[in-house]
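The structure appears below as C-alpha cells.
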Amino acid sequence: MGVSSASNGLARSAVFLDRDGVLNEPVVIDGRPHPPESAGDLIVHPDTIEACERLHDAGLLLLVVTNQPDIARGQQTWAGVEAINSELRRRLPLDDVRVCPHDDKDHCRCRKPAPGLLVDGASAWNIDLGHSVMVGDRWRDVEAGKRAGCAVVLIKRDYAESPALANADLVVAALREAVPWILKTTKRETDS
C-alpha cells in the first residue's frame, strides 16, 4: 500500500511524528494526554529541537501526523489547531503537518490507528514507507505506523492506558534517544 523505492528510485525516506507527546509536552489530565489549549501553552524541549534538526539535516522528510478530535468535539477550532501547528513549524524544521479533525464515531480513514495520514503524506511527498519511521507516544501511533508499513518508535510515557510496547520496534524515553536508530533504519543502500 506504500510507495516503493523499487518502482520509483526517487522515493525518499521520512519520519512521521505524532505531535502531542512527541514534539511537544502533552497536558496530562487523569492519566490521559491532551493537546495544549493554545500556541502560548506549547512546550517544546531543546532536545526535541536538536533531534529534529539532526534528522532533517540527514535528508529525512519530517511530517507531523496528528489526531485532533477536539475539533469534532467542539472543544477546539481549526484556527486554534493551526496556530499551534504554525508555532511548531516556526520552532522545528517540519516539512508538513497533517491533521485528522475527526473522532472515533466518524469512522474516517485518517484517524490513527488508521494509516490514512501516513499513506496520504507518502503519496504527496513521494515517500518510501518501507524505509520510513513513525514516532508516537500511544498505541494509536504504533498501530498506524505498522499498518502503513513503517518501522515504529514508541516514546514511553506514563499514561493511564496500555502501552504498545510489544508492537513497537524501539521504545525510548525521548525522541533524541531514537535518532541514531532512525538514521540507521532509514538508510538505504543507494544513500551515500
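Residues are listed down the side, and each one gets a yes or a no for (1) surrounded by fewer than 22 Cβ atoms within 10 Å (Cβ to Cβ); (2) touching a Lys or Arg at 6+ places or on another chain (Cβ under 9 Å):
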residue	(1), (2)
Arg98	yes, no
Gly121	no, yes
Cys150	no, no
Leu154	no, yes
**Q.** Tabulated pairs, region 144-158, first free of Cβ contacts under 8 Å to residues at least 40 places away in the same chain and assigned to a strand (DSSP E or B), second buried (at least 24 other Cβ atoms within 10 Å of the Cβ) and of a type outside the set (A, V, I, L, M, F, W, C), C-beta under 6 angstrom, 6+ apart or interchain
**A.** Val152/Gly145
Q.
Out of everything in region 104-123 that is in a loop (DSSP other than H, G, I, E, B) and out of contact with any Asp or Glu (no Cβ under 9 Å at 6 or more places or on another chain), what residue ends up being farthest from Arg12 (Cα to Cα)?
A. His107
Q. If you go through region 62-81 one residue at a time, how many are farther than 8 Å from Val99 by Cβ and assigned to a helix (DSSP H, G or I)?
A. 3
Q. Pick from region 136-189 the residues that are of a type in the set (Phe, Trp, Tyr) and under 14 Å from Asp20 (Cα atoms): which of them is modelled with the lowest pLDDT?
A. Tyr159
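The values are calculated or read from the model by the stated rules, or taken from the named source; none is laboratory data. Please read these numbers as outputs of a predicted model, since none were measured by experiment. Positions of Cβ are generated from backbone atoms using ideal geometry, with glycine treated the same way; all protein chains shown enter the neighbour counts.
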